[in-house]
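Structure first, then comments.
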Amino acid sequence: MSMPDDLPPIVPKAPRDAIVDALLELCAERRWEEISISDVAERAGVTLSQFRDCFPSKGAVLAAFSRRIDKMVLDGMDDALAAEPAKERLADVLMRRLDAMSPWREGLKGVTEWARRDPLGAAALNRMVVNSMRFMLEAARIDSEGPLGAIKLQGLTLAWARVLQVWFEDRDEGLGRTMAALDRELTRGGRLVGYAQDIHHLTAPLRAFAGALCRARGDFGGRVRERWADRGEQGEEEPIAG
């Protein structure tokens, strides 16, 4: 039986993409701890050697998936909301992220369940999400640098985890529960960032004083070392009695 001429050709996945998809598929079916690298390679249709050429571990595959989602969101950004408040811009970016993640929702649910069981896994996943949230803030044109930026990043990462828990169970096509959770978390986060900014401004004189004190100590130590060095040179020039 011949194939119709008007059908598009089937393009095989690149090994890296096939491995990423295979891991997420398996995470929807089994616990993370029960999935071996061989399982992923078999599902992806690659050899162990090919897997090793692409990734050193399952965690690295997960990081590649996170970067894939980052790219999908960032490639789809435009300036339509540039004039909107920061909260609206960030909400739009994060809803785009949920939309990009939707084909792998069940697999991602399995990943988060693993993180709750494994503290080391949770720490690694937190670092991964923090990196993604850095680009989400940048896409929303929100500063993520410095001490306040670090607070925003970690706060947004925790808020995102709470939003995902709602999203995993939200089967409504309009994602009403998810959007309400996102609005609630961003409102709460905005207040916390506001408090942090107030504290940052209030403590500015103390930080300036501490910096000046540290510089003064460094200068004092340098002067003491210079004086002792001078005394040592003078002592070498004096004749030794006896």
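Read the figures in this text as sums done on the coordinates, not as results from a lab. Bear in mind the structure is a predicted one, so any value in this text is a computation, not a measurement. Neighbour counts run over all protein chains shown; Cβ positions are idealised from the backbone, glycine included.
With each label point set 7 Å from Cα along the Cα-Cβ vector, what nm distance links ALA82 and VAL130?
3.2
Mind checking region 121-192 for GluC sites (Glu not before Pro) that DSSP puts in a loop (not H, G, I, E or B) and that have at most 15 other Cβ atoms within 10 Å?
Working: sites: GLU138, GLU145, GLU169, GLU173, GLU185; in loops: GLU145, GLU173.
Of the GluC sites (Glu not before Pro), the ones in loops of region 121-192 whose Cβ has at most 15 other Cβ atoms within 10 Å are GLU145, GLU173.
Among LEU175, GLY76, GLY107, flag the residue with its Cα farthest along the positive direction of the charge dipole of region 58-195, charges on Cβ as +1 for Lys/Arg and -1 for Asp/Glu.
GLY107
I'd like the per residue volume of the convex hull spanned by the Cα atoms of region 23-160, given in cubic angstrom.
117
In nm, what is the difference between 0.36 nm times the number of residues separating MET72 and ARG188 and their Cα-Cα distance?
Stretched out fully, the MET72 to ARG188 stretch lengthens by 39.0 nm.
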